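The values are calculated or read from the model by the stated rules, or taken from the named source; none is laboratory data. All values reported here derive from a predicted model rather than from experimental measurement. With ideal geometry, Cβ positions are generated from the backbone for all residues, glycine too; neighbour counts draw on all protein chains shown. Please note that ligands, DNA and RNA were not included when accessible areas were found on the heavy atoms of the full protein model with its side chains. Shrake-Rupley method; radii C 1.70, N 1.55, O 1.52, S 1.80 Å.
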Amino acid sequence: MPASLCGTWEMISNVNLDGYMIALGVSPCLRKIALKLKLKKVIEQQGDQLIIKTLSTFRNYTISFRVGQEFEEFTKGLDNRHLKSLVTREGNNLVCEQKGEKKNRGWVHWIEEDKLHLELYCEGEICKQVFKKKVNE
């Protein structure tokens, strides 16, 4: 994994989160709350394991995995689904394919200039998020 992904990242833009959450089947009440949140990502590497924490004032979500190894994921607090996920490296991108009830679901992380980009996709809806590295990192 490119070391530049590691660190603390603060959200600066969030496009089509509502459309993505509708595709996931997230309730209108939870969507309303989620749209008001400013997320923070903390990405760490411990040996060959990668840990991505998504933090907010409402709810936190942590995922840990090894690139190239399928793992069981439970999206507790998001859409509460059990998935089989696989993260691979495609060039400088980290690409996750999530298999479960929803079709064509996953995400892609990459660095462009000094920003962390994240595209979340599900059933044709794409949410584009951009994060800037925390200054004292």
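Using a 1.4 angstrom probe on heavy atoms only, work out the carbon and sulfur share of the accessible area of the chain in %.
About 50 percent, which is the carbon plus sulfur part of the accessible surface.
Considering the zone a paramagnetic label at Ile33 would reach in this model (a point 7 Å from Cα along the Cα-to-Cβ line), which residues of segment 48-91 have amide N under 15 Å from it?
Correct set: 55-61, 76-80.
For Lys32, list the aspartates and glutamates whose Cα falls under 17 Å from its own Cα; do not include residues on the same chain fewer than 8 positions away.
Within the straight-line cut-off, Lys32 pairs with Asp18, Asp79.
Per 0.36 nm of contour for each residue apart, how much would the distance between Tyr61 and Ile126 grow if the chain were fully extended, relative to their Cα-Cα spacing?
Answer, rounded to one decimal: 21.4 nm.
Give a residue-ordered list of calculated ³J(HN,Hα) values for segment 54-64 (Karplus: 6.51 cos²θ - 1.76 cosθ + 1.60, θ = phi - 60°; whole Hz; x for Gly, Pro).
10, 10, 8, 6, 9, 7, 10, 9, 10, 10, 9
Would you work out if segment 57-117 is rounded, prolate or oblate? Take a ≥ b ≥ c from the square roots of the eigenvalues of the alpha-carbon gyration tensor; rounded if a/c is under 1.5, else prolate when a/b is larger than b/c, oblate otherwise.
oblate
Expressed as a rounded percentage, what relative contact order does the chain have, with Cα pairs under 8 Å and six or more residues apart?
Reported relative contact order: 27 percent.
How are the C-alpha pair distances of the chain spread across 5 Å bins, as whole percents from the shortest bin up?
With 5 Å bins starting at 0, P(r) equals 2, 10, 19, 25, 23, 14, 5, 1, 0.
Nothing charged except the Cβ atoms of Lys and Arg (+1) and of Asp and Glu (-1): what's the magnitude of the dipole of the chain about its Cα centre? Round to the nearest 20 debye.
Magnitude of the dipole: close to 520 debye.
Per residue, how large is the accessible surface of the chain? Use a 1.4 angstrom probe and give square angstrom.
For the chain, the solvent-accessible area averages 56 Å² per residue.
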